[in-house]
Amino acid sequence: MIKIKTINSTDTQKIKAIFSKLYVPPVNSHKGQNGKLLVIGGSSLFHSASIWAAEIASFFVDMVHYSSTSENNKIMLELKKKFQNGIVVSRSQLDSYVAEDDTILIGPGMIRNSSKLPPKGRAGAVQSAKLQKYDLNKIISLSDEGEMTYQLVNYLITKFPKKQWVFDAGALQMMEKEWLLKLRQPIITPHQQEFDRLFGLDISEMTLDEKVKIVEQMALKYKTVILLKAIADIISDGKETYVVQGGNSGLTKGGTGDLLAGLVGAISTKNSPLLSAISGSLLLKISSDRLFSKQKYWYNINNLIETVPQVRAELN
């Protein structure tokens with residue numbers, strides 16, 4: 001039986017013990033040695049999600065490469081005065097940047113194909129027979145963005161199965177759960193509805209103990225680290241399980257999940273998948289608690305982006 005470890009965002013000793021295991025850049029390190037993250041996300045409908053993920057990640061790694069739609073790439077370039085620790089790349093260049101970077105985060109701000117939404121438990125929305133016929137240039141030119149998401153995720157993980165992958169939002173809503181088995185312990189960051197869509201399991205009415213059991217089972221079966229986002233985050237690799245409590249109602253605002261994905265992705269460039277998921281969850285909850293103590297509910301994504309690095313420095 002798996003032992004469940006519960007951590008509250010106020011458990012200072014437990015938290016410091018966890019953060020003591022995290023990679024810290026050596027004094028004599030050189031550029032690029034301390035992590036490179038590629039963020040693939042955004043769509044014609046959603047602009048900010050992938051940008052937030054990239055921005056928070058830039059505090060934690062040496063380099064963030066950011067790839068989105070041409071419109072979102074332009075927005076990011078216009079923000080360069082604020083976002084200085086990253087490079088905006090075209091999706092046509094993805095092969096070379098996936099090969100170069102330590103971790104690839106895909107999904108924030110990408111959209112699903114609502115017109116072809118499949119049955120629960122099979123999140124993919126197009127015919128698999130088409131997949132082998134599509135090269136990268138064909139995929140990124142698809143007019144249906146939901147289909148493009150599906151095809152792009154499959155193309156990249158098939159070509160680069162040994163990379164560290166983090167799947168969030170649109171990627172989770174479109175991909176097939178069996179694809180996880182192609183990879184080296186990927187990380188997924190679903191909320192309850194995305195978990196249902198991917199695995200075909202509605203856990204919304206379950207008790208916490210029941211949810212923990214299901215998350216453990218899916219993590220073990222699909223050899224993945226699952227970070228189930230909820231009031232209490234459930235994190236498991238199927239062998240170890242953590243329930244991270246804390247946070248407040250401010251974390252219900254749009255964009256907090258994108259920040260979490262960016263944090264987990266950045267941390268995972270130099271740390272194990274399970275430790276990265278636990279640390280990302282704690283950082284976001286602790287930061288939100290700090291803001292809530294000063295501003296109650298009235299804080300925003302920018303406040304969190306400013307606070308998270310301060311919290312991390314104090315836990316060093």
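Given a cut-off of 18 Å, name the pairs among 177/223; 74/163; 14/213 whose C-alpha atoms lie farther apart than that in the structure shown.
Values: 177/223 11 Å; 74/163 27 Å; 14/213 23 Å.
Over 18 Å apart, Cα to Cα: 74/163; 14/213.
Entry note, the chain: relative contact order of 21 percent, from Cα contacts under 8 Å with a spacing of 6+ residues. Shown for the stretch 232-312: lysine pairs separated by 8 or more places, or found on different chains, whose C-alpha atoms are under 22 Å apart, numbering 7. Placing a pseudo-label 7 Å from each Cα along the Cα-to-Cβ vector at residue 245 and residue 93 gives an inter-label distance of 4.8 nm.
If eta is 1.567 mPa s and T is 4 °C, what Stokes-Einstein diffusion coefficient results for the chain, Kirkwood Rh from Cα pairs, in µm²/s? Display every interim value, and only then the final one.
Details: Rh = 19.4 Å.
Calculated translational D: 67 µm²/s.
Go through 284, 316, 236 and say which Cα lies farthest out towards the positive end of the charge dipole of the chain; charges sit on Cβ, +1 for Lys and Arg, -1 for Asp and Glu. Toward the positive end, the furthest listed residue is 316. Among the DSSP helices (H) of the chain, those spanning at least 24 angstrom by Cα along their long axis with an average Kyte-Doolittle hydropathy of -0.5 or more are 273-295; this is a geometric and hydropathy rule only. When the Debye formula is applied to the Cα atoms of the stretch 155-256, each taken as the same point scatterer, what base-10 log of I(q)/I(0) results at q = 0.14 Å⁻¹? Debye curve over Cα of the stretch 155-256, log10 I(q)/I(0) at q = 0.14 Å⁻¹: -0.52. Fewest neighbouring Cβ atoms within 10 Å first, the residues 222, 66 line up as 222, 66.
Each helix, a run of at least 4 DSSP H residues, gives -39500 (n - 2.57); summed and divided by the residues of the chain, these come to -12500 deg cm²/dmol at 222 nm. The alpha carbon centroids of the stretch 1-35 and the stretch 155-197 are separated by 24 Å.
How do the peptides 246-254, 199-207, 278-286 rank, highest first, by the average count of neighbouring beta carbon atoms within 10 Å per residue?
On the way: 246-254: 16.6, 199-207: 14.7, 278-286: 27.0.
The most tightly packed comes first, giving 278-286, 246-254, 199-207.
Think of the chain as having a plus end and a minus end, set by charges on the Cβ of Lys, Arg, Asp and Glu; of 70, 220, 198, 220 sits farthest toward the positive end of this dipole.
I'd like the FRET efficiency for residue 202 and residue 10, computed as 1/(1 + (r/R0)^6) with the beta carbon distance as r and R0 of 41 Å, rounded to 0.05. With R0 = 41 Å, the Cβ-Cβ based efficiency is 0.85. Placing dummy labels 7 Å off each Cα toward the beta-carbon, the span from residue 300 to residue 191 is 1.9 nm.
Coordinate-derived values only; no laboratory data. Since this is a predicted model, take the numbers as computed values, not measurements. Note that each Cβ is placed from the backbone with ideal geometry, even for glycine, and that neighbours are counted across all protein chains shown.
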